[in-house]
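See structure below.
The values are calculated or read from the model by the stated rules, or taken from the named source; none is laboratory data. These figures come from a predicted structure and were not determined experimentally. Keep in mind that these areas ignore ligands, DNA and RNA; they rest on the heavy atoms of the full protein, side chains included. Shrake-Rupley method; radii C 1.70, N 1.55, O 1.52, S 1.80 Å.
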Amino acid sequence: GGPGEGKESPSVWWVFGEENGLGTRLEERLRQEGHRVIAVKIGDRYEQEGENGYRIDHKNPGHYEALVKDLGKRNLEPGTIVHMWSVNRGKQGPLSREIIDEQQDRGLYSLVYLAQALGKQVIKTPLTIDVIAEARQEVNGEEIFPAGATIMGVLNVLPLEYPNIRCRGIDIRQPRPGTPVEDLGVVPKHLHSM
(Lines give C-alpha, C1' and ligand atoms only; values in the text may rest on other atoms or scores of the structure.)
Protein backbone atom coordinates (compact mmCIF):
# COMPACT_ATOMS: atom_id res chain seq x y z
CA GLY A 1 0.00 0.00 0.00
CA GLY A 2 0.95 3.63 -0.29
CA PRO A 3 1.85 6.09 2.45
CA GLY A 4 -0.92 6.87 4.88
CA GLU A 5 -2.10 3.26 5.07
CA GLY A 6 -1.73 2.33 8.71
CA LYS A 7 -1.05 -1.25 9.63
CA GLU A 8 -3.60 -2.83 11.94
CA SER A 9 -2.45 -3.22 15.50
CA PRO A 10 -1.49 -6.83 16.23
CA SER A 11 -4.43 -9.02 17.22
CA VAL A 12 -5.44 -12.67 17.52
CA TRP A 13 -6.58 -14.48 14.37
CA TRP A 14 -8.02 -17.98 14.17
CA VAL A 15 -7.53 -19.49 10.72
CA PHE A 16 -9.59 -22.58 9.84
CA GLY A 17 -7.46 -23.61 6.88
CA GLU A 18 -5.69 -26.56 5.33
CA GLU A 19 -2.18 -27.92 5.06
CA ASN A 20 0.00 -26.22 2.45
CA GLY A 21 -2.89 -24.32 0.97
CA LEU A 22 -4.21 -20.81 0.95
CA GLY A 23 -4.60 -21.00 4.75
CA THR A 24 -0.91 -21.70 5.32
CA ARG A 25 0.12 -18.75 3.15
CA LEU A 26 -2.32 -16.48 4.94
CA GLU A 27 -1.03 -17.64 8.35
CA GLU A 28 2.56 -16.85 7.34
CA ARG A 29 1.55 -13.43 6.06
CA LEU A 30 -0.32 -12.53 9.24
CA ARG A 31 2.53 -13.72 11.47
CA GLN A 32 4.99 -11.59 9.50
CA GLU A 33 2.77 -8.62 10.32
CA GLY A 34 2.97 -9.40 14.03
CA HIS A 35 -0.43 -10.99 14.59
CA ARG A 36 -0.92 -14.05 16.80
CA VAL A 37 -2.32 -16.79 14.57
CA ILE A 38 -4.04 -19.94 15.79
CA ALA A 39 -4.20 -22.47 12.95
CA VAL A 40 -7.10 -24.93 13.14
CA LYS A 41 -6.93 -27.96 10.84
CA ILE A 42 -9.26 -30.90 10.24
CA GLY A 43 -8.22 -34.10 12.02
CA ASP A 44 -9.58 -37.38 13.35
CA ARG A 45 -9.54 -36.29 17.00
CA TYR A 46 -9.18 -33.19 19.14
CA GLU A 47 -5.57 -32.28 19.79
CA GLN A 48 -3.38 -29.28 20.34
CA GLU A 49 -0.29 -29.04 18.14
CA GLY A 50 2.35 -26.80 19.64
CA GLU A 51 1.54 -23.33 20.90
CA ASN A 52 -0.43 -22.16 17.89
CA GLY A 53 -2.12 -25.16 16.31
CA TYR A 54 -5.15 -27.37 16.86
CA ARG A 55 -6.79 -30.26 15.07
CA ILE A 56 -10.48 -30.97 15.43
CA ASP A 57 -13.00 -33.37 13.92
CA HIS A 58 -15.05 -30.91 11.87
CA LYS A 59 -18.22 -33.00 12.33
CA ASN A 60 -18.07 -32.96 16.14
CA PRO A 61 -19.78 -29.92 17.75
CA GLY A 62 -18.06 -30.70 21.09
CA HIS A 63 -14.66 -30.10 19.52
CA TYR A 64 -15.59 -26.52 18.62
CA GLU A 65 -16.73 -25.95 22.21
CA ALA A 66 -13.49 -27.42 23.57
CA LEU A 67 -11.47 -25.24 21.18
CA VAL A 68 -13.25 -22.02 22.15
CA LYS A 69 -13.03 -22.87 25.87
CA ASP A 70 -9.33 -23.75 25.68
CA LEU A 71 -8.35 -20.64 23.71
CA GLY A 72 -10.47 -18.50 26.05
CA LYS A 73 -8.54 -19.87 29.04
CA ARG A 74 -5.32 -18.95 27.23
CA ASN A 75 -6.61 -15.38 26.63
CA LEU A 76 -6.52 -15.98 22.89
CA GLU A 77 -10.04 -14.89 22.02
CA PRO A 78 -10.12 -13.85 18.37
CA GLY A 79 -10.49 -10.45 16.78
CA THR A 80 -10.94 -12.16 13.42
CA ILE A 81 -11.70 -15.71 12.35
CA VAL A 82 -10.98 -16.77 8.77
CA HIS A 83 -12.93 -19.87 7.76
CA MET A 84 -11.78 -21.49 4.53
CA TRP A 85 -12.82 -25.11 4.95
CA SER A 86 -15.50 -24.57 2.29
CA VAL A 87 -12.97 -24.06 -0.49
CA ASN A 88 -13.39 -26.93 -2.91
CA ARG A 89 -9.64 -27.62 -3.27
CA GLY A 90 -9.95 -27.72 -7.05
CA LYS A 91 -12.10 -30.87 -7.17
CA GLN A 92 -13.72 -31.11 -10.56
CA GLY A 93 -16.18 -33.52 -12.04
CA PRO A 94 -19.78 -34.38 -11.26
CA LEU A 95 -21.01 -33.49 -7.79
CA SER A 96 -22.03 -36.72 -6.11
CA ARG A 97 -24.23 -36.84 -3.01
CA GLU A 98 -21.09 -37.72 -0.98
CA ILE A 99 -19.20 -34.66 -2.21
CA ILE A 100 -22.17 -32.39 -1.52
CA ASP A 101 -22.55 -33.85 2.00
CA GLU A 102 -18.85 -33.37 2.67
CA GLN A 103 -19.01 -29.77 1.43
CA GLN A 104 -21.94 -29.10 3.78
CA ASP A 105 -20.04 -30.67 6.71
CA ARG A 106 -16.87 -28.69 6.06
CA GLY A 107 -18.69 -25.47 5.27
CA LEU A 108 -22.20 -24.90 6.51
CA TYR A 109 -22.26 -27.16 9.58
CA SER A 110 -18.75 -26.33 10.76
CA LEU A 111 -19.66 -22.64 10.63
CA VAL A 112 -22.85 -23.17 12.62
CA TYR A 113 -21.02 -25.30 15.22
CA LEU A 114 -18.36 -22.63 15.54
CA ALA A 115 -20.90 -19.83 16.06
CA GLN A 116 -22.80 -21.91 18.63
CA ALA A 117 -19.56 -22.64 20.51
CA LEU A 118 -18.66 -18.93 20.56
CA GLY A 119 -22.17 -18.18 21.86
CA LYS A 120 -21.95 -20.85 24.60
CA GLN A 121 -18.67 -19.47 25.89
CA VAL A 122 -20.35 -16.06 26.02
CA ILE A 123 -17.65 -14.29 24.04
CA LYS A 124 -19.04 -10.77 24.04
CA THR A 125 -16.13 -9.01 22.37
CA PRO A 126 -16.79 -7.93 18.78
CA LEU A 127 -15.30 -10.30 16.25
CA THR A 128 -15.39 -10.75 12.50
CA ILE A 129 -15.79 -14.08 10.71
CA ASP A 130 -14.49 -13.97 7.14
CA VAL A 131 -15.80 -16.99 5.25
CA ILE A 132 -13.94 -17.81 2.06
CA ALA A 133 -16.04 -20.07 -0.16
CA GLU A 134 -16.83 -20.82 -3.75
CA ALA A 135 -20.45 -19.84 -4.14
CA ARG A 136 -20.08 -20.50 -7.86
CA GLN A 137 -18.31 -23.50 -9.31
CA GLU A 138 -17.90 -24.72 -12.83
CA VAL A 139 -18.58 -28.39 -13.43
CA ASN A 140 -18.26 -29.73 -16.97
CA GLY A 141 -18.45 -26.18 -18.30
CA GLU A 142 -21.67 -25.35 -16.45
CA GLU A 143 -21.86 -22.92 -13.55
CA ILE A 144 -23.54 -24.30 -10.46
CA PHE A 145 -24.18 -23.02 -6.93
CA PRO A 146 -23.33 -25.75 -4.44
CA ALA A 147 -22.62 -25.59 -0.69
CA GLY A 148 -20.92 -22.21 -0.88
CA ALA A 149 -24.16 -20.52 -1.86
CA THR A 150 -25.89 -21.97 1.23
CA ILE A 151 -23.06 -20.70 3.42
CA MET A 152 -23.43 -17.18 2.05
CA GLY A 153 -27.09 -17.33 3.14
CA VAL A 154 -26.15 -18.39 6.69
CA LEU A 155 -23.83 -15.39 6.99
CA ASN A 156 -26.86 -13.10 6.99
CA VAL A 157 -28.50 -15.03 9.83
CA LEU A 158 -25.61 -15.49 12.29
CA PRO A 159 -25.25 -11.79 13.26
CA LEU A 160 -28.97 -11.67 14.15
CA GLU A 161 -28.42 -14.45 16.68
CA TYR A 162 -24.97 -13.30 17.82
CA PRO A 163 -24.89 -9.48 17.64
CA ASN A 164 -21.17 -9.27 18.46
CA ILE A 165 -20.27 -11.36 15.39
CA ARG A 166 -19.83 -9.65 12.05
CA CYS A 167 -19.79 -12.00 9.06
CA ARG A 168 -18.36 -11.41 5.62
CA GLY A 169 -18.50 -13.82 2.72
CA ILE A 170 -15.68 -13.82 0.20
CA ASP A 171 -16.56 -15.74 -2.95
CA ILE A 172 -13.58 -17.08 -4.86
CA ARG A 173 -12.82 -19.21 -7.82
CA GLN A 174 -10.25 -21.78 -6.82
CA PRO A 175 -6.89 -20.44 -8.08
CA ARG A 176 -4.36 -22.42 -10.01
CA PRO A 177 -1.87 -24.13 -7.66
CA GLY A 178 1.09 -21.92 -6.86
CA THR A 179 -0.76 -18.63 -7.24
CA PRO A 180 0.68 -16.30 -4.58
CA VAL A 181 -1.88 -15.33 -1.96
CA GLU A 182 -1.40 -11.63 -2.70
CA ASP A 183 -2.49 -12.18 -6.31
CA LEU A 184 -5.76 -13.83 -5.44
CA GLY A 185 -7.94 -10.88 -4.62
CA VAL A 186 -9.29 -13.32 -2.03
CA VAL A 187 -7.70 -11.98 1.06
CA PRO A 188 -9.51 -8.76 1.91
CA LYS A 189 -7.34 -5.66 1.89
CA HIS A 190 -7.75 -5.24 5.63
CA LEU A 191 -5.70 -8.42 6.13
CA HIS A 192 -2.53 -6.80 4.93
CA SER A 193 -0.98 -3.64 3.60
CA MET A 194 0.18 -4.31 0.08
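Top to bottom by accessible area (1.4 Å), largest first, where do E47, E27 land? List each step's numbers first, then the result.
Values: E47 55, E27 15 Å².
Greatest to least solvent exposure: E47, E27.
For the stretch 31-79, with all protein chains present and a 1.4 Å probe, just round the carbon and sulfur fraction of the accessible area to a whole percent. Display every interim value, and only then the final one.
Values: 980 of 2480 Å².
Roughly 40 percent of what the probe reaches on the stretch 31-79 is carbon or sulfur.
For the stretch 33-76, list log₁₀ I(q)/I(0) at each q in 0.21, 0.27, 0.30 Å⁻¹, using the Debye formula over Cα point scatterers of equal strength and ignoring solvent, two decimals each.
-0.66, -1.00, -1.15
For R166, list long-range residues whose amide hydrogen, built 1.01 Å from N in the peptide plane, is under 5 Å from its own amide hydrogen.
For R166, whose amide H was placed from the backbone, the distant partners under 5 Å are L127, T128, I129.
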